[in-house]
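A short write-up of the structure that comes next.
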Amino acid sequence: MAEPAEGLRVELRPVDSGLAALHQEVQKHRRTISLLDLAKVVMGSYDRYDLVFMKQENGPDLYHCKHGDGACFISRQEAVKHLWQSSWMPKYYESVEQEVEAPKGDFKAIAKCSLNNELVGPVNWHGYQSALMNLHRTKFASMPFEAFRSKIVTDKSEEAVQAWQEAVSKRTAWKPVREGASEVLLESPAAVEQDFESNHFEECYDVTDKVFVNGAVKKNHLSPGLWAHLIQLSGTTRRHPSMLIPNLCHGLARHHMPIFKWKGNHYTGPARPKAMEEGTVLSDSLMSIATWAANNPGKGVDAMLRELAPVPDPEKATEEEVAQATEKQQNLVRDLFWLSEQGYILVFSNNTVSRPKAVPAQAPSPKKAPKEKQKPEEKAPDVPVAEAAAPQEQKEDTPSSEAPAAREEPAEETDTTAEPAEAAAPPVEEELPAENVPETVAAKA
């Protein structure tokens, strides 16, 4: 097998139509599904996922066919040769059979392709190499030529020689279907490819940087390097399905499906789990289901119905009693659906039931009274008596140029003490003699 093509980034994503169908099933049956199990289901079949080829810097261009057959190639030559394997070739060319003279000579053995048993011709025939290359071009273009040539075998039977002579007595030519080319006759596959590239290539192919290809695409509809990417990435993801979970999350989010973790694993379902607070008031039927799920985690829905609404034996009970029990079970199922929609109950794909742990009801926290901040003008700083006399003495010895700085200090102390303590009351200020109070403090008071 060829090596994966370089210069490309390749991702594997679930098909969007499958996710849309999953969304409808989840909403219909209210089931919670593990994303790991969903990834295993997606990887169970090639048609359930797409490969996204994205061109990186200095990577090859991607030639994507517009006719919807999923063909994609990384070279213009491969895209042109795809014409012979396509189902849309008759839209552009009509084959014409021509009678020609059979080659003459003594032919003892005929070479034929072991892949499809098509006769190529005798090795000593002058047209052998041309016939071999035409067969490779029209039927096995995606296969390396050396590998194709190794599949050629020799048939020495007289029937093979006679069948080959009948086949080469007829030659196939092609006529373009487009207007104005009714008289053109293309006698070789090379001439057809040249005409197609000149007149129809842009009509049939998009040259792009990003292509979505379904995993079930045919091998001859991809370049060998792209096919190697498909086989390699599909095999790795099938062995490790958790690799698909991130792209599953992105795809489910586009359909507005909730994603959540439950016991360490990723799940999706009708709603995210929601714990029921203690004291929640619901109907008797709803509470009976919630209580049963809390006391019986991991048990199935069938067990819940048998315990909460047992159906009596028809041989020992009247039809009315059986009908009442059956109706009660139906009501329980409807209530279970409602609880699942709210997230109070999780019903998993294996029919087991779980309930998120209840949260104790929280008492409302008392509102704290707003703290009253004391205005700086109303609060005088606590100045000890011994320290109060010191500024007065320093003031007399301080030069006049430093006096403004001394007046700014009380304002800074007020800012740092502006935040009152929560419980302690403001201290009672001690009255100081007027002669011992600094001028700045006295002015402030």
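Values quoted throughout were computed directly from the atomic coordinates according to the rules given, and no laboratory measurement underlies them. As the structure is a prediction and not an experimental result, all values here were calculated from the model. Cβ: placed from backbone, ideal geometry, glycine included. Neighbour counts: every protein chain shown.
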Legend entry - Computed Kirkwood radius, in angstrom, where 1/r is averaged over Cα pairs of segment 253-361: 15.1 Å
Inset, instruction - Please arrange LEU282, LEU62 by counting, for each residue, the other beta carbons lying within 10 Å of its beta carbon, fewest first. - result: LEU282, LEU62
Legend entry - Distant-in-sequence amide H partners of TYR49 (H built 1.01 Å from N, under 5 Å): VAL15, GLY215
Inset, instruction - Would you mind ranking ARG178, ARG334 by Cβ crowding within 10 Å, fewest neighbours first? - result: ARG334, ARG178
Inset, instruction - Using amide H atoms built 1.01 Å from N in the peptide plane, name the residues 5+ places from TYR205, or on other chains, whose amide H lies under 5 Å from its own. - result: LYS66
Inset, instruction - Would you grab the residues whose amide H sits under 5 Å from the one on HIS266? Only those 5+ places off in sequence or on another chain, please, with H modelled 1.01 Å from N. - result: LEU35, LEU36
Legend entry - Electrostatic dipole magnitude of segment 48-200 [Cβ: Lys, Arg +1; Asp, Glu -1; Cα centre; debye, to 20]: 380 debye
Inset, instruction - Write down the Å³ per residue value for the convex hull defined by the alpha carbon atoms of segment 170-300. - result: 281 Å³
Legend entry - Simple Cβ-charge dipole of segment 1-52, Lys/Arg +1 and Asp/Glu -1, about Cα centre, in debye nearest 20: 420 debye
Inset, instruction - Tabulate in residue order the Karplus-calculated ³J(HN,Hα) for segment 332-344, using 6.51 cos²θ - 1.76 cosθ + 1.60 with θ = phi - 60°, rounded to whole Hz; enter x for Gly and Pro. - result: 5, 5, 4, 5, 5, 4, 5, 4, 5, 5, 7, x, 6
Inset, instruction - Read phi for every residue in segment 19-26 and hand back ³J(HN,Hα) as whole Hz from Karplus 6.51 cos²θ - 1.76 cosθ + 1.60, θ = phi - 60°, with x for Gly and Pro. - result: 5, 5, 5, 4, 4, 5, 5, 5
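Averaged over every viewing direction, what's the projected area of the C-alpha convex hull for segment 8-113? Give it in nm², one decimal, please.
On the way: hull surface 55.8 nm².
Mean shadow area of the hull around the Cα atoms is 14.0 nm².
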Inset, instruction - Quick one: of LYS108/LYS175; LYS112/LYS219; LYS156/LYS218; LYS40/LYS328, which pairs are farther than 32 Å apart, Cα to Cα? - result: LYS108/LYS175; LYS156/LYS218; LYS40/LYS328
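Under the definition of Cα pairs under 8 Å and six or more residues apart, what whole-number percent is the relative contact order of segment 68-198? Mind dumping the intermediate values first?
Details: 149 pairs, mean separation 44.5, N = 131.
Across segment 68-198, relative contact order equals 34 percent.
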Legend entry - Percent breakdown of C-alpha pair distances by 10 Å bin, ordered from the shortest bin, for segment 89-140: 20, 44, 31, 6, 0
Inset, instruction - Just subtract the alpha-carbon distance of THR318 and HIS67 from 0.36 nm times their residue separation and send over the number in nm, one decimal. - result: 83.7 nm
Inset, instruction - Give, as ranges by residue number, the residues of segment 255-286 whose backbone N falls under 15 Å from the point 7 Å along Cα→Cβ of HIS23. - result: 255-259, 268-271
